[in-house]
Amino acid sequence: MAASETSIAGNDPRQADPVGAKRRPAAGPWATAFRKLVHDKAAMAALLVFILIVIGCSFASYYASHVAHTFPFSSNLQGKIVIDGVEQQIIAPSTEGLGLGSTPIGPTWKLQGYFLGADDQGRDVFARMLYGGLNSLWIASASTVICLLFAAVLGVTAGFFGGVADAAISRIMDVIWAFPIFLLAISLSIVLINSSINIGPIVIRAGSLWLPIFIIGIVYVPYVARPIRGQVLSLKNSEFVLAAVGLGVPSHRILWKDILPNVATTLIVFVPLMMALNMVTESALSFLSIGVQPPDASWGTIIQDGQNLLYSRPMVALAPGIAIAVTVLTLNVFGDGVRDALDPRSKLRIGGD
Amino acid sequence: MKRAQWLGVAVVAIIVVAAGAYFMRKPPEPGGGTPAPQEAAKAVEHRGGTMRLVAVGAGGTIDPQINYTLQYWQLYQGLYDGLLNFKKGVGEEGFKVVPDLAEDMPQVADDGKTLIFKIRKGIKFSNGQDLTTKDVVASFQRIFKVSSPTAGGFYSGIVGADKCLAEPASCTLEGGVVADEAANTVTLHLTQPDAEIYYKLAVPHAVILPADSPAKDVGTTALPGTGAYMVESYDPNKQLKIVRNPHFKEWSKDAQPDGYPDVVVMDFGLTDEAEVTAVANDQADWAFDPPPADRLAEIGTKYKDQVHVTPLTAMWYAPMNVNIPPFNNEKARQAVSYAIDRAALVKLFGGDVLASPVCQILPPGFPGHVDYCPFTKNPEANKWSAPDMDKAKALMQESGQIGQPVTVISEDSAVSKSVGTYLQSVLNELGFKAELKPISSNIQFTYIQNTNNKVQISVTQWYQDYPAASDFLNILFGCDSFHEGSDSSVNIAGFCDKEIDAKMKEAMKVAVTDPKKADEMWAGIDRAVTDKAAAAILFTPKHVDFVSKRLGNFQFNPQFYFMVYQAWVQ
Amino acid sequence: MLNTLIRRLIQMVFVMFGISVIVFLIFFATPGSDPSARIAGRNASPEVLAAVRKDFGFDRPLYVQYGLMMKKLLVTFDLTSFQNRGQKVIPQLVQATPVTLSLVIGGAILWVIGGIGVGLAAAATRGSVIDRGLMILGLIGISMPVFWLGSVMNLITQSRFHDTWMFSWVPALGYKPLLESPWEWFKTMLIPWISLAILYIGLYGRVLRASLIEANEEDYIRTARSKGLTETRIMLRHALRTSLITFVTLFGLDFGALVGGGALLTEVVFGLQGVGKLTYDSLKSLDLPVILASVIYASFFVVGANFVVDMAYAILDPRVRGR
């Protein structure tokens, strides 16, 4: 049944699409895409917010030293702050009942200091979030790029060439996917205390951010590579590819013209997803002292710090979580815009959509 | 049949009425002494029920001669007996050693090298076997056969122990532990007098087990004991279930009193956060693990009648490796100790109620403790008052270690990590280039001991085994407990000062005959080691017990903490 | 079919062997991992330490240790844990499996329904407020670390609002066997299911939406449309099926990993003694026998799930089947 339906129009939409060809202006596809993107209001708004986040994070040290007058990398357990003329302890010991425990100051909602309150070391959470943003963004984006790159190459190879390549790649993916990555992290965190790893000219020390980038990047390769492999398999058996093969089109051309564009759209879908997952994974690795080293911060490590304050100061864990969500969201909306602008097939909808 | 049913109903009715009566009354003051007649009434009134304890994880093997965790030592109190035992009392009383399976304290001969124990008659193991002198001898052999962790530390002074340590399988302790079946006595021969032998015989590694117990770690199959309770089942992933020992008859209220609950279960697998919630919701009666910091304020106010805080003879400290830079420089070490704001650490740990700042090794209330604190502003007061940053910075200048890289190794638990973060902050302020490496709590303690790992400074804790000054000073700072390249080298600082070491040996000798004088000597040694700053002593922690609403008669023993079986749940 | 199955089994053995060797080597390459001192106990004397090392065979060459451990695990079935000595590893796994299955299957039902629902709704209303809203919620779901989410769930249902009518039904944390009391089982599992599923609803919903939109551009869908089929029918009968390829692949990966112990943080935070909790505890205490057993167990499910997924391709994709 399904086969009969698909057999009716059995050729590549791109080749059989006179509308797209006619509409293509002389300036070339990139210019069209760019123009389209600029006119996408949602995408532009998202880009703006994202740029604002990056700029905000870049001014972290300016904010800390000139606005909040704090140094968010050293413990401030005994510090005091004046709010509305009242002097308050940053870490206030409990005075009620048995007087057990002490609670860090909550959000003051004032940019002059402790906007989002303090963590259990009495450090300004907002200032730390600004500092941590760039670390998080850098780790998440670099590992996403690595992950998608590897996944694309491996997934396409396995799906397109099949046979031994497929079997070998698939089993390696299985090994990676079933591997207890935390064991590796625990082990590395201890190994790297006294030594460093040399990979060719690159020397990886304990504090190097390349470590979490590579670990996170590789952990999720199977997660993206396998769906891509499935997609390539399905494309390979689709009518337009079979037809192209029948017409004697060389396989590298099929790969380039028919398979890769389709894979690219899937990859773009994965970008925001992997960014979000990676930022969260980074926090787990940082917890095992792989990656962002204390007292330095990332959004993930601030969530970890906040975990210990969940019942008394939920904002410490909530704020970086929101930051991750918002950032990923902007990338996502922007990514959609880019995809719509670049996707050859979406040109069909220029008029209506 | 009918009658039995009626009996059952009647018993239930009595229990219900009794429980009702109890709940109408005000809960009794915990730990208060009560006269004898009332006690008998209490025993009837509160006897029975199931007490549910919770813990994050299991404590490992259930073998009492191998397990070395507070978690099970606490529970062993109702399960096993040694020849001697710590008194089931609160406060100072709890540090007293009383006869348990021995009728009396031993008869001492040969200048303290020979101890003769008369074994009590009529005691049965939970499997119904009678306790005999044979069991006693076999149990001492078993310490070595199963390579008990303290075999070399505590019991190497028994004649024949050296052979047993070299070849555990064929251990006989010939000439060391001698039974006289007819007289029902067991004689212990030591190579030299030992002031702490009573303590060593009172800890769970020296409990008496049936002679036919297997000569290997029994793992999850509990061995029969002589206590008021016995283990019914143990699954480290689920539950430890303890029920009454049917063969138990109380012989000494001090050593092995009968208990209130019929059944005690310890469930494993909740997080510490979930444990607090479970106790707060009356789903559990007591949590083994300390409550997490963000719950303290809540339980200290909303549930303040269910919280018990007790000081511990323990310390949090930061050992500094005296054999490698930068802390092979005494001035650098002292600078660190001067610079640490212990009040800040106390705050981090949960406030003044939960910890007190110290800078000497022997904890307050411990034998030999005399207040002393050189690393503070106004050291004349002998009490820590505030950090002396100026002095610390001056010392740093003199030491010439400014700019040196230092790595702090802490555990990855929340408290240890935050203490480490604070230390890193202080070290940076002093001019070091400090990093913090929190590593898995399970590995950290052995990792920081091994000299191969070149640990410079770490965050760790020490809890007493028994109340003797040597347990802190000699074990943590004596030359004998420093083993290069070994994972078991508990002298983490690698501190070995020949002169001080000789004094410690001397003090241990003196203690046999003149404990008072020995305590004075220990106070001096404490000062000497503290001055050398081989470790920055941070604070003395206190213990928080959070119990359910229905749990009554909470009593805290300084040796084995909350006395589980002496509390009631109905 | 039989041939494929045998080939898969051989591959499975290869994967298990590979992982176990890597895990074994990593373990022994880690400084401080030597379990002797931890087994021997605090402040053990050098003699005791040596006795323990000999007793456990840690003084023997690595390949001998590996061989012995594998033999105990796979041949004699009497491998015991280092941490909880005397506890056999295999019964531990067997006991933990139903807990994990309860959690993962329940969670999977939720997230498959949720994921498909969100994906369909978003694709059908593409570009609208509903679409945007759903995608935003999805991303927020992905951005919440599951441990954090679980803790917040506990905070709400067990502590802050436990006394209110809304959450007073929530039982104490921990697992209740299904066969003992199905209703209690359901009540204890409901919150964990939701916590586990939220992440995947976001992920799958998004992935499905993208594939659906893409499928809409495919020729055969356009053909179907030109034949005058209703949009709903096209979406459900034609577009959805082909779009499920990515969805099913991801599901296979996630389901395999989660049944194999990947739900460790959810299990930890809700006090469920499943395979994940076992793996978590063993990793924290570097308990090599349990780590090895759980890793081999996990790889079994990962490879197995992938096998099922590969089979499913043929059923789902008319083009593959058409061949």
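The values are calculated or read from the model by the stated rules, or taken from the named source; none is laboratory data. These numbers come from a predicted model, not from an experiment. Counting neighbours? That spans all protein chains shown, and the Cβs are built from the backbone with ideal geometry, glycine included. Ligands, DNA and RNA are excluded from the accessible area calculation, which covers all protein heavy atoms including side chains. Shrake-Rupley method; radii C 1.70, N 1.55, O 1.52, S 1.80 Å.
Principal-axis analysis of the Cα atoms of chain B puts helix B:414-430 at an angle of about 10° to the longest axis.
Against chain B, whose longest principal axis is taken from its Cα atoms, helix B:36-46 shows a tilt of about 80°. Shape analysis of region A:226-295 based on the Cα gyration tensor places the equivalent ellipsoid semi-axes at 40, 10, 9 Å, largest first. Rounded to the nearest angstrom and listed largest first, the equivalent-ellipsoid semi-axes of chain A from its Cα gyration tensor are 48, 26, 16. Separation of region C:135-178 from region B:227-299 is 27 Å, based on Cα centroids.
Karplus-based coupling profile of region B:254-270, in residue order and whole Hz: 6, 8, 9, x, 5, x, 8, x, 6, 9, 10, 10, 10, 9, 10, x, 8, with θ = phi - 60° in 6.51 cos²θ - 1.76 cosθ + 1.60 and x standing for Gly or Pro. For the C and A pair, go ahead and give the buried accessible area with a 1.4 Å probe, both sides summed, in Å² to 100. Looking at C and A, the buried total is near 6200 Å². Contact order for chain C, expressed relative to its length and based on alpha carbon pairs under 8 Å spaced 6+ residues apart, stands at 23 percent. Other protein chain C-beta atoms within 10 Å of residue C-beta, averaged over A:228-236: 5.
The spacing between region C:1-33 and region A:260-326, judged by their C-alpha centroids, is 30 Å. Shielding value for C:249-257 is 4, the average number of Cβ atoms from other chains within 10 Å of each residue's Cβ.
Compared with its chain on its own, region C:120-145 contains the following residues whose accessible area drops by 10 Å² or more in the full protein assembly (probe 1.4 Å; ligands, DNA and RNA excluded): C:ARG126, C:ARG132, C:ILE136, C:LEU139, C:ILE140, C:ILE142, C:SER143, C:PRO145. Please enumerate, by chain and number, the aspartates and glutamates with C-alpha under 19 Å from the C-alpha of A:LYS257, excluding those fewer than 8 residues away in the same chain. Partners found: A:ASP12, A:ASP17, A:GLU239, A:ASP340, A:ASP343, C:GLU214, C:GLU217, C:GLU218, C:ASP219.
Note on chain A: GNM, Cα springs under 10 Å; of A:VAL221, A:VAL191, A:VAL241, the largest mean-square fluctuation is that of A:VAL191. Close amide-amide hydrogen proximity is noted between B:SER458 and B:ILE409, each under 5 Å apart and 5 or more residues distant or on a separate chain (H modeled in the peptide plane; Pro and chain starts excluded).
Amide H contacts of B:ALA434: B:VAL406, B:ASN428, each under 5 Å away and 5 or more positions distant or on a separate chain (H built 1.01 Å from N in the peptide plane; Pro and chain starts excluded). Just checking the listed ones, A:SER234, A:SER189, A:SER143: in the Gaussian network model of chain A with Cα springs under 10 Å, the one fluctuating most is A:SER234.
Taking all Cα pairs closer than 8 Å and separated by 6 or more residues, the relative contact order of chain A comes to 23 percent. Summed over both chains, the contact between B and C buries some 3500 Å² of accessible surface at a probe radius of 1.4 Å.
With contributions of -39500 (n - 2.57) from each DSSP H run of at least four residues, the per-residue ellipticity at 222 nm computed over chain A stands at -19500 deg cm²/dmol. Filter chain A for me: DSSP H helices, axial length by Cα at least 18 angstrom, mean Kyte-Doolittle hydropathy not below 1.0. List them by residue number. Helices passing the filter in chain A: A:41-58, A:125-161, A:163-178, A:181-194, A:260-287, A:315-342. Model label sites at B:GLU232 and C:VAL129, defined 7 Å from Cα along the beta-carbon direction, differ in position by 6.1 nm.
Between rounded, prolate and oblate, where does region C:2-89 land on the alpha carbon gyration tensor, with a ≥ b ≥ c its root eigenvalues, rounded for a/c under 1.5, else prolate if a/b exceeds b/c? Here region C:2-89 falls in the prolate category.
If a/c stays under 1.5 just call it rounded; otherwise compare a/b with b/c (prolate if a/b is bigger, oblate if not). Do that for region B:358-475, with a ≥ b ≥ c from the square roots of the Cα gyration tensor eigenvalues.
Note, shape of region B:358-475 comes out oblate.
Would you calculate, for chain B, the mean residue ellipticity at 222 nm contributed by helices, counting each DSSP H stretch of 4 or more residues as -39,500 (n - 2.57) and dividing by all residues, to the nearest 500? The helix-only estimate for chain B comes to -9500 deg cm²/dmol at 222 nm.
For the protein assembly as shown, the solvent-accessible area of protein heavy atoms averages 39 Å² per residue (probe radius 1.4 Å; ligands and nucleic acids excluded). For B:ILE537, the residues whose modelled amide H falls within less than 5 Å of its own, excluding neighbours fewer than 5 places apart on the same chain, are B:ALA318. Partners of B:LYS503 within straight-line reach, counting lysines whose Cα lies under 23 Å from its Cα and excluding those fewer than 8 residues away in the same chain: B:LYS113, B:LYS200, B:LYS516, B:LYS517, B:LYS532.
Mind pulling the per residue volume of the convex hull built on the Cα atoms of region C:28-178? Å³ is fine.
On the way: hull volume 35.4 nm³, N = 151.
Spelled out: Cα convex hull of region C:28-178, divided by residues, is 234 Å³.
Which angle between 0 and 90 degrees, to the nearest 10, do you get for helix B:133-145 versus the longest principal axis of chain B when only C-alpha atoms count? Relative to chain B, helix B:133-145 is tipped by roughly 30 degrees.
Cross-link pairs exceeding 18 Å in C-alpha to C-alpha distance, out of B:LYS87/B:LYS241; B:LYS118/B:LYS145; C:LYS176/C:LYS277; B:LYS302/B:LYS549; B:LYS96/B:LYS253; B:LYS549/C:LYS176, comprise B:LYS87/B:LYS241; B:LYS118/B:LYS145; B:LYS549/C:LYS176. The relative contact order of chain B comes to 19 percent, based on Cα pairs under 8 Å that sit 6 or more residues apart. Ranked by the mean number of other Cβ atoms within 10 Å of their residues, highest first, the peptides A:270-279, B:281-290 come out as A:270-279, B:281-290. Taking a straight Cα-Cα cut-off under 18 Å and skipping sequence neighbours fewer than 8 places away in the same chain, the lysines within cross-link reach of B:LYS454 are B:LYS433, B:LYS437.
Only protein atoms count toward the accessible area here, which uses a 1.4 Å probe; on region B:45-170, the carbon and sulfur part of that area reaches 50 percent. Need the per-residue list for region C:169-191: every residue with at least 10 Å² less accessible surface in the complex of protein chains than in the chain by itself, probe 1.4 Å, sorted by number. The answer is C:ALA172, C:LEU173 - residues whose exposure falls by at least 10 Å² when every protein chain is included.
Put a plus charge on the Cβ of each Lys and Arg, a minus charge on the Cβ of each Asp and Glu, and nothing anywhere else: the dipole of region C:90-320 about its Cα centre is then about 580 debye.
Just check region B:314-543 against the gyration tensor rule for me: Cα atoms, a ≥ b ≥ c as the square roots of the eigenvalues, rounded for a/c under 1.5, and otherwise prolate or oblate depending on whether a/b exceeds b/c. The shape class here is rounded. Result for chain C in a Gaussian network model with C-alpha springs under 10 Å: among C:TRP111, C:TRP165, C:TRP193, the largest mean-square fluctuation is at C:TRP165.
Here the Karplus curve 6.51 cos²θ - 1.76 cosθ + 1.60, taken at θ = phi - 60°, turns the phi angles of region B:91-106 into couplings of x, 3, 3, x, 7, 6, 9, 10, x, 10, 6, 7, 5, 8, 5, x Hz, with x standing for Gly and Pro.
Helices that extend 27 Å or more along their long axis by alpha-carbon positions and average at least -1.0 on the Kyte-Doolittle scale are, among the DSSP H runs of chain C, C:2-29, C:89-124, C:182-216, C:288-316. Counting Cβ atoms of other protein chains within 10 Å of each residue's Cβ and taking the mean over peptide C:282-289 gives 4.
Return the value, in Å² to the nearest 100, of accessible area buried between chains A and B (probe 1.4 Å, both sides summed).
Using a 1.4 Å probe, the pair buries roughly 3100 Å².
Compactness ratio for region C:90-320: Cα radius of gyration over 2.2 N^0.38 Å (N = residue count) comes to 1.14.
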